[in-house]
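What follows is a single structure, written as structure tokens, with notes after it.
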Amino acid sequence: MTDAQTATQYVYRFGGGTAEGGTGDKNLLGGKGANLAEMASIGLPVPPGFTISTEMCTRFYAEGEAFPDSLTGEVADGVAHIEQVTGKRFGDVNDPLLVSVRSGARISMPGMMDTVLNLGLNDETVEGLARISEDERFAWDSYRRFIQMYSDVVMGLDHGLFEEALEIAKEDKGYFNDTEMSADDWKALVGQFKTIVADERGDAFPQDVHDQLWGAVAAVFKSWNVERARVYRRINDIPHDIGTAVNVQAMVFGNMGETSATGVAFTRDPSTGEHAYYGEYLINAQGEDVVAGIRTPQYLTKAAREAAGAKPLSLEEAMPDTFGELTAVFETLEQHYKDMQDIEFTVERGKLWMLQTRTGKRTAKAALKIAVDMAAEGLVDRKAAILRIDPMQLDQLLHPTLDPDAPRDVIARGLPASPGAASGTVCFDADTAERLAANGESVILVRVETSPEDIHGMHAATGILTARGGMTSHAAVVARGMGRPCVSGAGELRIDARARTLTVGGRTFDQDDVITIDGGNGQVMAGRVPTLQPELAGDFATLMEWADDLRGLKVRANAETPHDAKTAREFGAEGIGLCRTEHMFFDAGRISAVRQMILAQNEEGRRAALAKLLPEQRSDFAAIFGEMAGLPVTIRLLDPPLHEFLPREEAEFVGLAQELDVSVDMLKRRADDLHEFNPMLGHRGCRLGITYPEIYEMQARAIFEAACDVEASSGAAPLPEVMIPLVGTRRELEITREIVDRVAKEVFAEKGREIAYLVGTMIELPRAALMAGEIAEVGEFFSFGTNDLTQTALGVSRDDASRFLGDYVEKGIYARDPFVSLDVAGVGQLIEIAVERGRESRPGIKLGICGEHGGDPASIAFCAKVGLDYVSASPYRVPIARLAAAQAALAS
Ligand code: PEP
Ligand code: MG
């Protein structure tokens with residue numbers, strides 16, 4: 001059936017030997033719908049259903065949240081298909097068909113959108129369900145779950161009202177668990193739930209199953225645009241206009257007694273990547289019971305159960321036949337998808353049903369192991385293995401872990417839900433976490449359990465700790481996806497969110513206290529525990545070697561201390577692309593000489609202060625050359641506006657006045673003189689070298705003296721590249737280059753040796769990009785300073801942008817923050833022009849990028865495309881850049 005006007009098909013059926021979606025077009029059917037169709041097409045047991053496409057979502061919004069008439073017939077056909085396969089009828093009072101209605105976007109957004117289960121129950125069909133299932137209790141429990149979910153999702157009623165009624169009912173009866181509720185108890189509760197609905201809505205709970213269905217379908221489409229879904233998309237760079245599909249599928253029940261069960265599983269361990277089945281299940285339960293973290297799930301395999309020292313039987317032990325069937329499905333799925341799968345299944349009275357499969361989210365460590373293992377198993381080739389890894393995910397492995405030798409004051413233990421260690425102040429709600437994090441504080445978000453409403457706080461936190469929930473709880477899944485360390489299910493914790501206290505073992509922590517969590521082993525510790533630097537080894541190193549074999553771009557690091565240079569080299573940096581010399585000036589022992597230089601009244605005064613800085617800079621450079629032996633080191637001469645070095649606080653002025661033996665007033669006057677309205681466009685960059693040549697002279701001298709000394713002592717010649725910042729005209733580069741060349745000559749004469757060096761410039765002004773042909777006649781290399789180039793091309797101050805850029809991204813004005821990911825359309829053009837004109841006038845000119853974009857995979861892809869020689873990123877981003885560069889090469 002198709003829309004008569006547009007001939008567009010919106011409904012695609014699957015199950016019972018049908019798979020209209022064929023091999024699964026995710027753009028059309030969403031991830032869940034596409035995979036259901038695909039599973040059906042390879043003969044796996046999927047309950048029959050149909051998918052309403054994402055195109056319908058787009059149309060639904062375009063038409064003011066309304067459906068076209070043609071959809072009615074298509075949905076009716078879909079329902080008829082399910083009826084035909086199951087032999088049940090929708091709304092039948094004797095043997096009713098029940099369906100689930102679930103969202104399913106192209107890119108999975110776990111828990112962000114809505115779901116309705118058990119749809120099709122009403123006052124009459126519930127009786128039919130009781131008879132056919134021979135389980136009255138189950139039927140009434142299903143009905144109350146349905147009312148509760150439908151009221152929340154479709155009618156917007158507060159689910160707390162229903163929870164409260166249930167709690168009171170249990171209290172009245174003296175029950176502790178839901179399992180103690182009898183059929184009559186549920187029946188009575190259904191009556192109360194209906195009263196709540198009538199009171200709150202002034203309208204009875206809908207009894208017509210078709211009305212129920214349309215209500216749920218519309219609600220799921222609408223849930224695409226709820227706040228938490230929007231936030232999730234923003235955080236994960238998912239476009240807002242792709243829409244979700246809706247899947248309507250026959251219900252199967254994991255809560256039909258002791259031969260029924262429901263669970264989630266991964267075909268490999270999503271934390272470690274180990275090739276071992278991994279998962280959790282519950283007997284006599286519905287799917288949401290497993291993920292909601294309300295009942296503690298049981299292990300899938302005997303080995304996992306034994307390793308955890310848990311008592312309740314694993315699925316392998318409790319239902320060995322089903323386990324055998326399930327693991328066979330795992331193998332089929334891995335062979336088919338050639339990747340690790342995350343699966344939801346239900347066993348209804350001994351019969352296994354697959355409810356979902358998708359590519360499993362995994363930690364970075366697991367991602368690497370799975371990629372390397374699958375290549376070894378011959379499931380994928382090396383190229384596919386490389387393309388499989390999200391470069392940004394490596395970030396998780398590039399952060400410190402807890403020092404195993406440091407003392408730990410362990411206060412509790414939970415599950416190692418997401419690896420990595422984090423320390424921070426205790427914080428009890430997501431909004432506060434976000435606020436404190438915005439002020440630069442590290443916080444650990446501590447919750448009984450998290451819900452999708454907490455997503456912004458989880459993102460802002462450095463770590464997440466929950467008292468309840470298993471390895472597949474919301475907290476665990478989301479934290480792993482975000483790469484946040486997480487300890488879940490630390491049951492000993494008593495969290496009082498109102499009083500803002502955390503009590504454990506007789507000790508109480510409030511929001512000023514610092515705790516540490518280790519998501520690798522589940523420990524929770526009082527105070528801050530020291531950390532160790534990460535290492536590049538094992539599967540990580542293997543994959544990096546494969547990446548290096550493929551990439552064309554070289555990868556350098558932005559580093560200005562010997563320590564950073566060493567780290568960068570260990571992570572595979574092939575040189576330094578940007579050494580910001582000013583960072584050395586902030587050192588406690590030097591800042592006063594820098595200030596003396598700035599405040600000096602004349603050249604003589606400046607030279608006196610610079611003389612104090614010379615040996616310091618020289619020794620820094622020597623150490624960096626030593627670390628980077630054999631590799632190029634690009635040193636940028638002084639760039640920032642001078643006011644950045646001046647005191648801000650009164651006490652600092654007083655101290656400096658004493659040190660320099662001048663009056664505080666005089667100092668302040670001088671500071672006022674230096675004040676600029678737009679310092680980023682003011683007296684900075686090469687403009688400093690032009691007005692105060694003695695500064696660049698000193699820096700050039702420090703570089704060449706250090707280079708000569710290092711060569712003399714080690715025998716290896718350093719490869720210095722002297723870089724002039726913020727050049728806009730050829731003449732600026734000529735004047736500053738002349739200083740550098742003159743000093744080089746002087747130093748080489750004094751030292752009696754010569755070192756090969758290059759002089760080049762940053763391209764960080766639009767004029768420089770346009771005039772690159774001329775500038776290249778003077779400079780031997782260009783390094784794109786895309787932080788400033790973005791700022792100057794867009795006319796957006798990099799220091800003030802955060803106030804409004806969030807809105808800009810939200811409104812789609814820029815797809816991503818242009819200071820994070822290069823504005824290829826605009827700034828990218830300037831780069832292309834500069835590359836072309838620069839190469840034309842100096843073939844073989846060395847070209848690199850050293851703005852923050854040098855560590856951003858999408859920007860790296862652009863750099864590869866326009867043919868730069870290298871990218872330069874912060875040391876911890878070097879492996880990310882190596883992988884992204886390989887992926888860029890594979891994509892070309
Ligand atoms: C740049 O502008 O991109 C750059 C690398 O220099 P800085 O960030 O120091 O201005
Ligand atoms: Mg700059």
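The values are calculated or read from the model by the stated rules, or taken from the named source; none is laboratory data. Quick caveat: nothing in here was measured; it's all calculated off a predicted structure. As a convention, Cβ positions derive from the backbone with ideal geometry for all residues, glycine included, and neighbour counts pool all protein chains shown. The area values use the complete protein model at the heavy-atom level, side chains included, leaving out ligands, DNA and RNA. Shrake-Rupley method; radii C 1.70, N 1.55, O 1.52, S 1.80 Å.
Does Arg731 qualify as being closer than 30 Å to Thr792 by Cβ, out of contact with any His (no Cβ under 8 Å at 6 or more places or on another chain) and exposed (fewer than 15 other Cβ atoms within 10 Å of the Cβ)?
Criteria met by Arg731.
When only residues in segment 761-788 that are closer than 24 Å to Pro679 by Cα and small (Gly, Ala, Ser) count, which is nearest to ligand 2 (Cβ to nearest atom)?
Result: Gly785.
Taking segment 663-693 only, how many residues are surrounded by 14 or more Cβ atoms within 10 Å (Cβ to Cβ) and away from ligand 1 (no atom under 16 Å from the Cβ)?
Residues meeting the conditions: 9.
If you check Ala834 against the conditions, is it within 25 Å of Pro632 (Cβ to Cβ), crowded, with 24+ Cβ neighbours inside 10 Å, among the aliphatic types (A, V, I, L, M) and away from ligand 1 (no atom under 16 Å from the Cβ)?
Against the criterion (within 25 Å of Pro632 (Cβ to Cβ), crowded, with 24+ Cβ neighbours inside 10 Å, among the aliphatic types (A, V, I, L, M) and away from ligand 1 (no atom under 16 Å from the Cβ)), Ala834 does not qualify.
Pick from Ile739, Ile724: which is closer than 21 Å to Cys579 by Cα, touching a Gly at 6+ places or on another chain (Cβ under 9 Å) and either open to solvent by 10 Å² or more (accessible area, probe 1.4 Å) or within 16 Å of ligand 2 (Cβ to nearest atom) (or both)?
The match here is Ile724.
Mind listing just one residue for me: the one in segment 778-789 that is out of contact with any helix residue (DSSP H, G or I) (no Cβ under 6 Å at 6 or more places or on another chain) and more than 8 Å from ligand 1 (Cβ to nearest atom) and, of those, most open to solvent (accessible area, probe 1.4 Å)?
Checking each candidate, the answer is Glu780.
So which of Ile238, Ile147, Ile196, Ile242 is among the β-branched types (Val, Ile, Thr), closer than 30 Å to Ala815 by Cα and in contact with a Phe, Trp or Tyr (Cβ under 8 Å, 6 or more places away or on another chain)?
Ile238
Which fully enclosed helices (runs of 4 or more DSSP H) of segment 167-269 have 1 or more residues being more than 20 Å from Arg106 (Cβ to Cβ) and more than 42 Å from the chain's Cα centre (by Cα)?
The helices (runs of 4 or more DSSP H) meeting that bar are 183-201.
On the given criteria, is Gly33 surrounded by 24 or more Cβ atoms within 10 Å (Cβ to Cβ) and assigned to a loop (DSSP other than H, G, I, E, B)?
It is false that Gly33 is surrounded by 24 or more Cβ atoms within 10 Å (Cβ to Cβ) and assigned to a loop (DSSP other than H, G, I, E, B).
With more than 19 Å from Asp496 (Cβ to Cβ), open to solvent by 10 Å² or more (accessible area, probe 1.4 Å) and touching a helix residue (DSSP H, G or I) at 6+ places or on another chain (Cβ under 9 Å) as the only criterion, which of Ala421, Ala438 stands out?
The unique qualifying residue is Ala438.
Let's see how each residue does on (1) at positive phi; (2) open to solvent by less than 40 Å² (accessible area, probe 1.4 Å):
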site: Met340; (1), (2): no, yes
site: Glu344; (1), (2): no, no
site: Arg349; (1), (2): yes, no
site: Leu352; (1), (2): no, yes
site: Ala364; (1), (2): no, yes
site: Val380; (1), (2): no, yes
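Under 23 Å from Val248 (Cα atoms) and under 42 Å from the mean Cα position of the chain (by Cα): is that true of Asp158 in this structure?
no
Conditions tested, residue by residue: (1) farther than 30 Å from Arg233 by Cα; (2) among the aliphatic types (A, V, I, L, M); (3) open to solvent by less than 60 Å² (accessible area, probe 1.4 Å).
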| site | (1), (2), (3) |
| --- | --- |
| Val759 | yes, yes, yes |
| Ala776 | yes, yes, yes |
| Thr792 | no, no, yes |
| Arg798 | no, no, no |
| Ser802 | no, no, no |
| Gly826 | no, no, yes |
| Glu840 | yes, no, no |
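Could you look through segment 580-592, keep only residues that are under 20 Å from Ala706 (Cα atoms) and over 34 Å from the mean Cα position of the chain (by Cα), and pick out the one that is least open to solvent (accessible area, probe 1.4 Å)?
It comes out as Phe585.
Name the residues in segment 392-405 that are open to solvent by 10 Å² or more (accessible area, probe 1.4 Å) and either at pLDDT 95 or above or not in a strand (DSSP E or B) (or both), would you?
Met392, Gln393, Asp395, Gln396, Leu397, His399, Pro400, Asp403, Pro404, Asp405
Looking only at segment 694-712, count how many residues are open to solvent by 40 Å² or more (accessible area, probe 1.4 Å) and within 15 Å of Leu610 (Cβ to Cβ).
Total satisfying the criteria: 1.
Checking the condition more than 16 Å from ligand 2 (Cβ to nearest atom), at pLDDT below 95 and assigned to a helix (DSSP H, G or I), which residue from Glu711, Glu644, Glu652 passes?
Of Glu711, Glu644, Glu652, the one residue that is more than 16 Å from ligand 2 (Cβ to nearest atom), at pLDDT below 95 and assigned to a helix (DSSP H, G or I) is Glu652.
If we scan segment 57-73, do we find a residue that is hydroxyl-bearing (Ser, Thr, Tyr), under 30 Å from the mean Cα position of the chain (by Cα) and open to solvent by 10 Å² or more (accessible area, probe 1.4 Å)?
Yes.
Please list, ordered by first then second residue, the pairs with beta carbon atoms under 6 Å, 6 or more apart or interchain, first in segment 749-762 and within 12 Å of Ala706 (Cα to Cα) and polar (S, T, N, Q), second modelled with pLDDT of 95 or more and within 16 Å of ligand 2 (Cβ to nearest atom).
Listed pairs, sorted by first residue: none to list.
Of the residues Ser314, Ser260, Ser271, which single one is under 19 Å from Phe138 (Cβ atoms) and open to solvent by less than 40 Å² (accessible area, probe 1.4 Å)?
Checking each option against the conditions leaves just Ser260.
Inspect all residues belonging to segment 474-489 and state whether any of them is farther than 30 Å from Tyr277 by Cβ and at pLDDT 90 or above.
No: zero hits.
Quick check on my filter: what residues within segment 628-662 are more than 16 Å from ligand 1 (Cβ to nearest atom) and open to solvent by 60 Å² or more (accessible area, probe 1.4 Å)?
Listed by number, the residues that qualify are Arg648, Glu649, Glu650, Ala651, Glu652, Gln658, Glu659, Asp661.
Please indicate, with yes or no, whether at least one residue in segment 853-866 is open to solvent by less than 40 Å² (accessible area, probe 1.4 Å), farther than 26 Å from Arg388 by Cβ and within 16 Å of ligand 2 (Cβ to nearest atom).
No, every residue in segment 853-866 fails to be open to solvent by less than 40 Å² (accessible area, probe 1.4 Å), farther than 26 Å from Arg388 by Cβ and within 16 Å of ligand 2 (Cβ to nearest atom).
For segment 52-71, state whether one or more residues are modelled with pLDDT of 90 or more, part of a loop (DSSP other than H, G, I, E, B) and closer than 21 Å to Glu83 by Cα.
Yes, segment 52-71 contains at least one residue that is modelled with pLDDT of 90 or more, part of a loop (DSSP other than H, G, I, E, B) and closer than 21 Å to Glu83 by Cα.
Can you tell which of Val820, Val747 is within 30 Å of Ile242 (Cβ to Cβ) and among the hydrophobic types (A, V, I, L, M, F, W, C)?
Val820
What are the residue pairs meeting all of these: first residue in segment 786-812, first residue without any contact (Cβ under 8 Å) to a residue 40 or more places away in the chain and assigned to a helix (DSSP H, G or I), second residue more than 11 Å from ligand 1 (Cβ to nearest atom) and small (Gly, Ala, Ser), Cβ atoms under 9 Å, and 6 or more apart or on different chains?
Listed pairs, sorted by first residue: Ala793/Ala769; Ala793/Gly826; Leu794/Ala801; Leu794/Gly826; Tyr808/Ala801.
Residues that are within 11 Å of ligand 1 (Cβ to nearest atom) and more than 27 Å from the chain's Cα centre (by Cα): does segment 792-805 have at least one?
Checked against the condition, which is being within 11 Å of ligand 1 (Cβ to nearest atom) and more than 27 Å from the chain's Cα centre (by Cα), segment 792-805 yields at least one hit.
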